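Visitor: What follows is a structure written as structure tokens; I'll ask about it next.
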Amino acid sequence: MSGRELYQHGDYCPTRNIGWCTIHGILIFGTHIMFNIKHSLELLVSAAIAEATGLSDCNANVIYSSRPEFGDYQANGIMAIAKQLKSNPRELAVRVVSALQSNDLIADAQVAGPGFINLFLNDVTLATAATRFAHGEQNLLDAVDHPQRIVVDYSGPNLAKEMHVGHLRGTIIGDCIVRVLEVVGHDVIRQNHVGDWGTQFGMLIAHMESLGENSAKVHTQLADLETFYREAKSRFDLEPGFADLARSYVVKLQGGDRDCLSAWQKFIDESLGHCEDIYELLGVTLSKDDLRPESFYNNELANIVNALREADMLTASEGAQCVFLEEFKGKEGSPLPAIVQKSDGGYLYATTDLAALRYRGKNLAAQRVLYVVDARQSLHFQQVFAIARKAGFVPGACSLEHIAYGTMMGEDGKPFKTRSGDTVKLRELLDESVRRAHDIVSAKSPELSPEHREQISNVVGIAAVKYADLSKNRTSDYVFDWSTMLSFDGNTAPYMLYAYARIKSILRRQGEGVHPERSEVRITAVEERNLIIKILQFPEVVDVVASECYPNYLCAYLYELAGIFMRFYEACPVLKAESDLRASRVTLVSLTAATLKQGLGLLGLETLEQM
RNA sequence: GGGGGUAUAGCUCAGAUGGAUAGAGCAACGGCCUUCUAAGCCGUAGGUCUCAGGUUCGAACCCUGAUACCCUCACCA
């Protein structure tokens with residue numbers, strides 16, 4: 001955005017998501033572009049700053065006001081600009097305010113403190129915008145004007161074992177990000193980089209083969225993958241000859257031996273079935289089509305090493321093929337290699353990831369690649385990203401991002417395990433959550449039918465686990481705690497679901513009396529105004545989540561929305577109000593319900609009509 | 001030892017580009033159901049934002065140093 005000119009209706013607009021445009025100098029509400037009050041204010045104030053100072057490209061620094069008397073939003077950029085110009089910030093702020101183009105969005109702009117500009121939104125415009133959304137003339141979330149092709153790599157369980165709690169975060173955070181990116185109009189390609197290759201599969205196939213041709217028996221055995229793995233591992237460690245047998249299976253597998261491959265396939269199918277059950281239970285959008293297992297890149301690994309050799313990036317060290325990059329140092333400041341080929345000729349994790357990067361950059365033509373992977377792997381991703389860039393495996397403009405997340409801890413502050421120290425199966429965790437939810441629902445609502453209680457606890461139990469995770473900053477470790485996540489108080493799934501059910505109850509009771517799609521929203525109380533503003537801010541939050549990939553921003557927003565609704569609910573009778581006011585409030589309730597449902601949907605949560 | 005991360009109320013966590021008086025929930029105490037689901041709402045109390053410097057009109061946030069804990073550093077993924 002440069003200078004004083006705003007964009008003409010329908011013009012190319014380099015700043016994304018502007019809800020207002022100008023025609024003949026008059027700011028109007030644009031219908032073809034994403035609604036975003038904050039960006040619109042930034043645009044207006046930036047233009048005024050440019051008008052007042054002659055500077056282009058000024059950051060108006062618009063944020064939400066911390067207190068009601070400071071307006072709805074505030075522009076904090078004036079102080080920095082005044083300093084740059086060596087002028088008095090308050091005087092500059094006054095000039096900027098008087099340079100503000102007339103518009104229907106800002107009702108009042110006041111200079112305060114050392115040079116803040118407090119912005120008060122126009123009630124009529126707010127009510128009009130809410131009405132338009134209620135009438136379905138526009139969606140609160142509309143497509144961005146520059147969709148990107150974005151590859152999101154998430155979940156990626158190891159198929160040798162059953163999914164455990166360690167897979168929870170990546171799976172649900174990734175799924176939320178994918179939903180958010182899609183709803184704003186990006187072209188998203190999911191990639192489930194499952195581990196289906198490597199030495200441990202030789203061991204598993206050897207164990208499976210020794211059980212004989214009885215496929216029913218094999219199926220039964222594989223039903224508990226964890227036990228199956230333990231048995232195979234134990235034979236590998238203890239049984240004479242078994243380790244050699246396992247290794248011979250690895251060689252046969254990699255050599256493309258048909259029998260061996262078919263046994264491997266049988267195992268993989270079985271294990272994938274386990275994953276799909278979990279995905280269904282969790283409500284995760286990953287499907288078979290999204291699978292790009294490690295074995296998918298098998299034939300590319302030698303090419304990757306060759307390409308690195310041709311790029312003169314390869315160094316042989318202690319028998320292994322390595323890439324040394326300046327920026328990575330190991331112990332005692334010694335050069336740190338990324339090993340792409342072992343001394344025995346085998347390939348590694350880094351090699352596979354380089355092949356995946358090249359595939360995503362070249363074949364999938366990604367403009368942005370997101371890796372939703374545990375924070376402990378950050379060095380690995382820094383290395384492969386750097387190597388892929390240097391080797392030209394991905395286009396220079398393609399953004400590579402490690403969307404790192406922290407570890408789930410037990411109450412003792414150590415990584416979450418069972419009492420005996422084993423990893424907790426994801427299936428068991430989710431089942432327990434549903435069971436606990438059922439106990440609570442039965443205690444709170446004994447009058448509901450058993451079927452209804454079961455349905456509620458299925459939704460609440462799963463939502464509780466997901467929401468507890470998504471509502472935390474993904475980069476930090478957090479303590480897993482049943483009582484907090486299943487509590488109906490605070491920023492939890494049960495509270496959110498209850499708020500939604502309560503809202504739906506009003507809409508049910510009002511019957512066919514009011515038609516939100518034809519009614520007019522009015523502002524008669526501060527609680528209504530607060531609710532409208534909060535609803536209209538939904539696109540702003542979604543936009544930030546799409547660019548920065550922090551689902552907890554969305555959770556915080558929805559929690560605040562629910563809280564503001566509750567205050568409205570206490571202060572403003574809906575069904576007891578008369579005629580137009582009743583219609584306005586029912587419409588507002590309906591908008592709140594739609595926003596909550598869509599927001600929870602973006603988190604990957606189901607809602608309940610009744611609790 | 002190198003690199004990275006974390007440190008905010010008794011507990012669990014928020015705090016998006018530095019903004020005005022640092023926020024929730026739990027736990028504690030006190031109010032509100034003849035009124036749209038009380039699984040709710042309102043209020044009280046609780047903080048030298050680990051410590052010490054620095055940058056600035058302004059710092060939980062940026063810089064330097066210290067302390068504590070966590071992660072990571074050659075053929076696992």
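Visitor: Please work out which one of (1) at positive phi; (2) open to solvent by 10 Å² or more (accessible area, probe 1.4 Å) is the condition A:G115 fails and give its number.
Guide: Only one criterion in (1) at positive phi; (2) open to solvent by 10 Å² or more (accessible area, probe 1.4 Å) is unmet by A:G115, namely (2).
Visitor: Let me ask something additional. Return the residues of the stretch A:414-424 that are open to solvent by 40 Å² or more (accessible area, probe 1.4 Å) and assigned to a loop (DSSP other than H, G, I, E, B); say none if nothing qualifies.
Guide: A:K414, A:K417, A:T418, A:R419, A:S420, A:G421, A:D422, A:T423
Visitor: Would you be able to tell me the number of residues in the stretch A:442-463 that are among the aliphatic types (A, V, I, L, M), over 17 Å from the mean Cα position of the chain (by Cα) and open to solvent by less than 10 Å² (accessible area, probe 1.4 Å)?
Guide: Final tally of qualifying residues: 2.
Visitor: Please find, within the stretch A:69-90, the residue that is most open to solvent (accessible area, probe 1.4 Å) out of those that are within 9 Å of A:N118 (Cβ to Cβ) and more than 6 Å from RNA strand B (Cβ to nearest atom). Working first, answer last.
Guide: First, the residues of the stretch A:69-90 that are within 9 Å of A:N118 (Cβ to Cβ): A:69-75.
From what's left, more than 6 Å from RNA strand B (Cβ to nearest atom): A:69, A:71-73, A:75.
Values: A:E69: 97, A:G71: 7, A:D72: 33, A:Y73: 0, A:A75: 0 Å².
Checking each candidate, the answer is A:E69.
Visitor: How many residues does the stretch A:54-68 contain that are more than 17 Å from A:R95 (Cβ to Cβ), of a type in the set (G, A, S) and open to solvent by less than 70 Å² (accessible area, probe 1.4 Å)?
Guide: 1
Visitor: Looking only at residues in the stretch A:490-518 that are under 31 Å from the mean Cα position of the chain (by Cα) and of a type in the set (G, A, S), which one is surrounded by the fewest Cβ atoms within 10 Å (Cβ to Cβ)?
Guide: The selected residue is A:G490.
Visitor: Here's a follow-up. Within the bounds of the stretch A:332-346, is there any residue that is in a strand (DSSP E or B), of a type in the set (S, T, N, Q) and surrounded by 13 or more Cβ atoms within 10 Å (Cβ to Cβ)?
Guide: Of the residues in the stretch A:332-346, the ones in a strand (DSSP E or B) are A:335-341.
Subset that is of a type in the set (S, T, N, Q): A:341.
Checking which are surrounded by 13 or more Cβ atoms within 10 Å (Cβ to Cβ) leaves us with A:341.
Yes, the stretch A:332-346 has at least one match.
Visitor: Next question, about the same structure. Suppose we keep only residues that are in contact with an Asp or Glu (Cβ under 6 Å, 6 or more places away or on another chain), near RNA strand B (Cβ under 8 Å from one of its atoms) and of a type outside the set (F, W, Y) within the stretch A:560-611. Which one would you say is least open to solvent (accessible area, probe 1.4 Å)?
Guide: Top of the filtered list is A:C572.
Visitor: How about the stretch A:118-160: which of its residues are closer than 30 Å to A:A80 by Cα and open to solvent by 60 Å² or more (accessible area, probe 1.4 Å)?
Guide: Matches in the stretch A:118-160: none.
Visitor: Which pairs do you get when a residue that is near RNA strand B (Cβ under 7 Å from one of its atoms) and outside any loop (DSSP other than H, G, I, E, B), found in the stretch A:478-498, comes within reach of a residue that is basic (K, R) and modelled with pLDDT of 90 or more, reach meaning Cβ atoms under 9 angstrom, with the pair 6+ apart or on two chains?
Guide: Partner pairs satisfying both residue conditions: A:Y478/A:K472.
Visitor: So how many residues does the stretch A:170-224 have that are of a type in the set (D, E, K, R), in the same structural domain as A:A243 (by TED's automatic domain parsing) and part of a helix (DSSP H, G or I)?
Guide: Total satisfying the criteria: 2.
The values are calculated or read from the model by the stated rules, or taken from the named source; none is laboratory data. This one's a predicted model, so the numbers in the text were calculated from it and none came from an experiment. Heads up, the Cβs are rebuilt from the backbone with ideal geometry, glycines too, and the neighbour counts pull from every protein chain shown. These area figures cover heavy atoms from the full protein model, side chains too; ligands, DNA and RNA do not enter into them. Shrake-Rupley method; radii C 1.70, N 1.55, O 1.52, S 1.80 Å.
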